[in-house]
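Taking it in order: structure first as structure tokens, then the write-up.
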Amino acid sequence: MNKFKTFLVFLVTFILQTTIFSKIDIFGANINIIIPATVALSQTLGKKIGPYGAMITGLFEDFLFTNLVGPRALSYFLIGSFVSSDRFSFAKDKSTGLIMTFLASIFNLLLLSLIYYIFMRQNKFMNYFPGPMLVESVLNTLIYFIYYRLVKKIMYIPTYRI
């Protein structure tokens, strides 16, 4: 049941991102609500559901809106994998999620800038540094609160008592 709920969360997030939030410009920055959703779902549900759902959402975004297929899918997958990784064993609390969302927003922008520069020789992201990049990271971090509460409310998270 969590897989279906995850699909619905990513579907609604994708629709909201492409229709509303990509058009909102705040101090030169656009909010990317897919990143907080990826962090919240990967943090809560683990490495099998969050990263792959984010990758599929990124593929849809790449197919529909860019000439190069794969950069956003790769970025979202890496973010989800890093957040849900057992190797680093991050805490699953709200403050860790806030920090991870902030860092993931910066990582996403840097990775996309590098990939687009290498493959398409587009240097349009350089005017996005550092001001709008920090504004976008802070806005994404604020959106994380909504996703954290939403995921905690709708997802079944098993708790084992010993």
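The values are calculated or read from the model by the stated rules, or taken from the named source; none is laboratory data. Worth saying up front: this structure is predicted, and the values here are computed from it rather than measured. Please note: Cβ atoms are built from the backbone with ideal geometry, for glycine as well, and neighbour counts cover all protein chains shown. Heads up: the accessible areas ignore ligands, DNA and RNA and are worked out on the full protein's heavy atoms, side chains in. Shrake-Rupley method; radii C 1.70, N 1.55, O 1.52, S 1.80 Å.
Worth pointing out:
- Residues that are among the charged types (D, E, K, R) and either open to solvent by 10 Å² or more (accessible area, probe 1.4 Å) or under 13 Å from Leu142 (Cα atoms) (or both), drawn from segment 27-63: Lys47, Lys48, Glu61
- The numbered conditions (1) part of a helix (DSSP H, G or I); (2) of a type outside the set (Asp, Glu); (3) without any contact (Cβ under 8 Å) to a residue 60 or more places away in the chain are all true for Lys23 except (1).
- Enumeration of residues in segment 15-40 that are of a type outside the set (S, T, N, Q) and either at pLDDT below 90 or touching an Asp or Glu at 6+ places or on another chain (Cβ under 7 Å) (or both): Phe21, Lys23, Ile24, Asp25, Ile26, Phe27, Gly28, Ala29, Ile31
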